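Just below is one structure, and these are the notes that go with it.
Read the figures in this text as sums done on the coordinates, not as results from a lab. Just so it is clear, the model here is predicted, and its values are computed rather than measured. When we count neighbours, we look across all protein chains shown, and the Cβ atoms used for this are built from the backbone with ideal geometry, even at glycine.
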Amino acid sequence: MRLLPKMLPLALLCGLPLLGQTNRACGEDIDTVALYKKVVDSAVFIVTPMKGGMAMGSGSLIHAEKRYILTNYHVVDEENYVYIQFPVYQKDGSMITDKKKYIERIPAGQALKGTVLYRDKTRDLALVYVDTLPSTAKQITLAKKSTSVGETTYNIGSPGAVSQIFSFTSGKVRAVGVETINVGGGGEVLHLKCKMVTATNATNPGDSGGPLFNSAGEQVAVTESGKTSASLVNLFVDVEEVREFLKEKKIIVPGDKGTEDERKLPPKKGAIKIDPKAPAKDGPAVPPKTDTPPKADAPKTDTPPKSDAPPAPSAEDEKAAGQLLQRAKLFAEDRETYPGKLKDLIKKYPGTAAAKEAKTILDGLK
């Protein structure tokens with residue numbers, strides 16, 4: 001018991017670092033204030049307008065030239081348009097963090113209108129396009145590979161439980177691997193089975209879709225959700241899943257080699273009306289069924305000429321189909337989800353070897 005007084009100051013120093021201080025005493029040399037300033041202008045506050053209210057979440061700018069915002073599917077849901085806001089600064093250089101002021105900017109026409117281009121329910125990811133960027137916006141770098149157990153990670157988000165947005169937390173990576181979870185709200189439940197980072201970083205509704213990043217400011221995952229029944233166990237969609245998602249959509253992020261699909265972006269539509277006094281809802285929400293314009297990822301731009309025989313699949317399609325089949329097989333024990341994923345593969349990549357194998361599997365399930 002006599003050792004306790006000697007150990008206590010060190011425990012307090014490591015466990016409760018003062019704001020603005022580095023972590024040198026605990027074996028790390030990270031200026032967290034500088035790190036926050038480096039990354040915060042890559043983070044965004046997302047508002048999804050809905051009938052009778054709105055849903056809120058977070059995201060990150062991963063491609064400045066193409067103006068692509070990364071977030072969760074459950075943040076945008078099936079809506080075609082959302083509102084995107086980067087941090088706003090006052091004349092003295094201080095950042096505005098009052099959530100109410102950001103919401104008031106929407107009906108005033110001061111928020112960016114984002115078009116949802118792609119969705120992936122199996123990974124709970126979505127990609128949003130904005131017409132323009134503020135001069136302060138910065139692109140975050142996607143890490144080349146997964147983070148490691150024991151690494152310190154940081155995240156920026158806008159939790160609904162507090163009035164301030166673009167908040168910052170830190171934590172430690174506890175595990176990296178495939179996790180099976182259900183994410184739901186309203187009338188839909190997402191069944192996820194993908195590579196995730198488990199970390200002690202605190203997450204709350206409203207943080208969803210925001211970046212989890214390392215000490216170099218590289219995004220290593222996307223904030224997913226917390227497990228309320230466990231202590232300091234929160235989940236983030238791993239960067240390798242993000243890269244696979246982008247690869248399937250033929251999108252090459254800056255710094256990587258390859259040719260990006262130069263598909264036409266959807267035409268601009270009129271502004272969305274939203275009542276700033278309507279009740280706010282953080283996290284996933286399922287909107288009512290309405291007559292909405294087609295999804296951005298539904299139309300095909302370069303339609304090949306019709307012929308009696310379908311064109312042979314390319315080597316790239318064969319590879320992508322094979323990867324999709326491997327992902328589908330992760331759900332082999334789920335007889336409700338598995339057939340649907342196989343059918344999606346057959347529809348998306350007809351004629352490939354993977355599609356033929358998927359058809360054989362489907363026939364065996366009948």
**Message:** Using a 7 Å offset from the Cα along the Cα-to-Cβ direction at both L365 and K249, what is the distance between the two label points in nm, to one decimal?
**Reply:** 2.5
**Item:** Highest to lowest packing among 206-212, 69-75, scored as the average C-beta count within 10 Å
**Value:** 206-212, 69-75
**Request:** Could you sort out which of K38/K257; K195/K347; K99/K138; K172/K319; K100/K257 sit more than 32 Å apart by Cα distance in this structure?
**Result:** K172/K319; K100/K257
**Distance in nm between pseudo-label sites at K121 and D31 (7 Å out along the Cβ direction from Cα)** = 4.7
**Separation in nanometres of the label points that stand 7 Å from Cα toward Cβ, at Q164 and Q90** = 1.3
**Prompt:** Looking only at segment 342-366, which residues have a backbone nitrogen under 18 Å from a spot 7 Å from the Cα of A315 in the C-beta direction?
**Reply:** 352-354
